[in-house]
Each structure stands twice: as C-alpha cells, then as structure tokens.
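Encoded as structure tokens, the structure appears first; notes follow it.
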Ligand code: SF4
Ligand code: SF4
C-alpha cells in the first residue's frame, strides 16, 4: 500500500511523530528520492513520489530523500 504522505510513531514511546511529506504539486517524478532512500521507502506511482507505508518503520530520518529532491517536494519531519 502506498500513501502520498507517510506517518509513523517513533519507537520508545516518544510522543513525536515522524512524517514524510510529499508535495505532489511540486513533484516532477524524477525518481531522486526513490533512488536515494536506502530502504526503498519512497516509490513512484503514476509519475509522482509516494511513500510505501509498509516500509515506513524502517525510516531512519536520514534526510537523503529531502536532500536529493530538486523541487523541494519532500519534507522529513
Ligand atoms: S529519511 Fe532517509 S530512510 Fe527515511 S524515507 Fe527519506 S531517505 Fe528513506
Ligand atoms: S526527488 Fe522530488 S521531484 Fe523527484 S520524484 Fe522525488 S519528490 Fe518527486
């Protein structure tokens, strides 16, 4: 299952949430975020980046996807 925006609960009971936010209006489907993520958490669907929800727990918040996006369409929070 893929979502436009990913959301997960951080481990160890932290009240803070991790979000991978993709602004589809900015995404040009270049695949930069997809190829930069070491865990394949971002994928392309119909020419736009999406979050693979089932893999979101593997996100380390490394920020590579955000850094690689030429359109600044990805935000890791
Ligand atoms: S922050 Fe890092 S691990 Fe998380 S989705 Fe982006 S590239 Fe992948
Ligand atoms: S790097 Fe940015 S523009 Fe390229 S597919 Fe990912 S979100 Fe879209």
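Give me the Debye-computed log₁₀ of I(q)/I(0) at q = 0.31, 0.32 Å⁻¹ for the stretch 23-76, equal point scatterers on Cα only, no solvent, two decimals. Relative scattering, expressed as log10 I(q)/I(0), comes to -1.41, -1.48. Hey, rough spin-label estimate for residue 39 and residue 57, points 7 angstrom out along Cα→Cβ, what's it come to in nanometres? Calculated label separation equals 1.0 nm. The relative contact order of the stretch 23-76, computed from alpha carbon pairs under 8 Å that lie at least 6 residues apart in sequence, is 39 percent.
Fully extending the segment from residue 25 to residue 72 would add 15.8 nm, taking 0.36 nm per residue of separation and subtracting the current Cα-Cα distance.
We did not get these values from a lab; they are worked out from the coordinates using the rules stated. If you're wondering where the values come from, they're calculated on a predicted model, not measured in any experiment. Glycine gets a Cβ as well: all are built from the backbone with ideal geometry, and neighbour counts include every protein chain shown.
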